[in-house]
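Chemist: For reference, the structure I am asking about is given below.
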Amino acid sequence: MLYPLPAVMVSCQKPEEKPNIITVAWTGTICSSPAMVSISVRPERYSYHIIKETGEFVINLTTEKLAYATDYCGVRSGKDVDKFKEMHLTPGRCEGVNAPLIEESPVNIGCRVKQVLELGSHHMFIADVVSVEVDGAYMDQKGKFDLNRAGLMVYSHGEYFGLGKKLGTFGYSVRRKK
Ligand SMILES: Cc1cc2nc3c(=O)[nH]c(=O)nc-3n(C[C@H](O)[C@H](O)[C@H](O)COP(=O)(O)O)c2cc1C
């Protein structure tokens, strides 16, 4: 019941095999320095063994435009279909890892697995962030990355949403009025 969450598309690939995508909602930032993230994946997923064996994956943030593909990659298995092909997505080179990124996503986070926690239904991959690629289209005139213009998507209790209205900015509750 801990919602809303990002629903990310995690891309992965074994050498000489087709690239795959799994939608993951059990994900999070777990450390700032060193930068670390986690994803929790059921061992029965086709992607589980790819990530376990290669020790690499890419977290691709999802947008309203990618909502359909995000859902599809979360209900079809790579053991039956080529999700990149079916969803007309483009695998690209991700700095620092051999797993492919998804070109259509505005932010790609290259990850290397450091530890696997066998928690129960899901095994948690704890990973170092080895690279972050951002789409230059969301840079403002001052060269600042404005991620909120990317149309990011959230997942809440079985439904996908765009972002709602802006309510404030970090620290606004204590900031002095000019
Ligand atoms: C919104 C959404 C979130 C999901 N989150 C997770 C998750 O956190 N962990 C997981 O193992 N499966 C999750 N799934 C299910 C997998 O994405 C799904 O079983 C997928 O078909 C597995 O693909 P694969 O067999 O190609 O690896 C989610 C599905 C959806 C639609």
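The values are calculated or read from the model by the stated rules, or taken from the named source; none is laboratory data. Bear in mind that the values here come from a model prediction, so they are computed numbers and not experimental data. All Cβ positions, even for glycine, are placed from backbone atoms using ideal geometry, and neighbour counts span all protein chains on display.
Chemist: If I ask for residues that are free of Cβ contacts under 8 Å to residues at least 40 places away in the same chain and either in contact with a Phe, Trp or Tyr (Cβ under 9 Å, 6 or more places away or on another chain) or over 20 Å from P43 (Cα atoms) (or both), which ones from region 54-80 would you list?
Modeler: Y68, S77, K79, D80
Chemist: How about region 30-62: which of its residues are among the charged types (D, E, K, R) and either near the ligand (Cβ under 9 Å from one of its atoms) or under 16 Å from the mean Cα position of the chain (by Cα) (or both)?
Modeler: Taking region 30-62 as the starting set, the residues that turn out to be among the charged types (D, E, K, R) are 42, 44-45, 52-53, 56.
Within region 30-62, R42, E44, R45, E56 meet the criteria.
Chemist: OK, next. Can you confirm whether region 87-97 contains a residue that is in contact (Cβ under 8 Å) with a residue 24 or more places away in the chain, surrounded by 13 or more Cβ atoms within 10 Å (Cβ to Cβ) and more than 27 Å from D146 (Cα to Cα)?
Modeler: no
Chemist: Quick one: is L119 within 16 Å of T62 (Cβ to Cβ) and either exposed (fewer than 12 other Cβ atoms within 10 Å of the Cβ) or of a type in the set (A, V, I, L, M, F, W, C) (or both)? Quick ask: steps written out before the conclusion?
Modeler: On the way: within 16 Å of T62 (Cβ to Cβ): no; either exposed (fewer than 12 other Cβ atoms within 10 Å of the Cβ) or of a type in the set (A, V, I, L, M, F, W, C) (or both): yes.
So L119 does not fit the description; no.
Chemist: Tell me which residues, restricted to region 1-29, are near the ligand (Cβ under 8 Å from one of its atoms), within 18 Å of P106 (Cβ to Cβ), assigned to a strand (DSSP E or B) and not hydroxyl-bearing (S, T, Y).
Modeler: The initial filter retains those residues of region 1-29 that are near the ligand (Cβ under 8 Å from one of its atoms), namely 7, 20-27.
This time we only want the ones that are within 18 Å of P106 (Cβ to Cβ), so: 7, 21, 23-24, 27.
Applying the additional criterion that residues be assigned to a strand (DSSP E or B) yields 21, 23-24, 27.
Result: I21, V24.
Chemist: Determine, yes or no, whether Y46 is at pLDDT 95 or above, surrounded by fewer than 17 Cβ atoms within 10 Å (Cβ to Cβ), over 15 Å from E17 (Cα atoms) and aromatic (F, W, Y).
Modeler: On the way: at pLDDT 95 or above: yes; surrounded by fewer than 17 Cβ atoms within 10 Å (Cβ to Cβ): yes; over 15 Å from E17 (Cα atoms): no; aromatic (F, W, Y): yes.
Considered against the rule, which asks whether it is at pLDDT 95 or above, surrounded by fewer than 17 Cβ atoms within 10 Å (Cβ to Cβ), over 15 Å from E17 (Cα atoms) and aromatic (F, W, Y), Y46 comes out as no.
Chemist: To continue, here is another question. Return a yes/no flag: does region 74-90 have any residue that is within 11 Å of the ligand (Cβ to nearest atom), touching a helix residue (DSSP H, G or I) at 6+ places or on another chain (Cβ under 8 Å), at negative phi and hydroxyl-bearing (S, T, Y).
Modeler: yes
Chemist: Restricting to region 31-76, count the residues that are of a type in the set (D, E) and closer than 18 Å to P100 by Cα. Spell out how you get there, then give the answer.
Modeler: Residues of region 31-76 that are of a type in the set (D, E), as a first pass: 44, 53, 56, 64, 71.
Going one step further and asking which of them are closer than 18 Å to P100 by Cα, we end up with 53, 56.
Count: 2.
Chemist: Within region 62-76, how many residues are in a loop (DSSP other than H, G, I, E, B) and buried (at least 23 other Cβ atoms within 10 Å of the Cβ)? Lay out the reasoning, then the answer.
Modeler: Start the filter on region 62-76 by keeping residues that are in a loop (DSSP other than H, G, I, E, B), which leaves 62, 73-76.
Next, from what is left, pick out any that are buried (at least 23 other Cβ atoms within 10 Å of the Cβ): 62, 73.
Total satisfying the criteria: 2.
Chemist: Need pairs with beta-carbon distance below 8 Å; first residue closer than 19 Å to V97 by Cβ and within region 120-146, second among the hydroxyl-bearing types (S, T, Y) and in a strand (DSSP E or B); sequence gap 6+ or separate chains.
Modeler: Partner pairs satisfying both residue conditions: M124/S38; M124/S40; F125/S38; F125/S40; I126/S38; A127/S38.
Chemist: For region 149-178, which residues satisfy the criterion of being touching a residue at least 12 places away in the same chain (Cβ under 8 Å) and within 24 Å of M36 (Cβ to Cβ)?
Modeler: A150, L152, M153, V154, Y155
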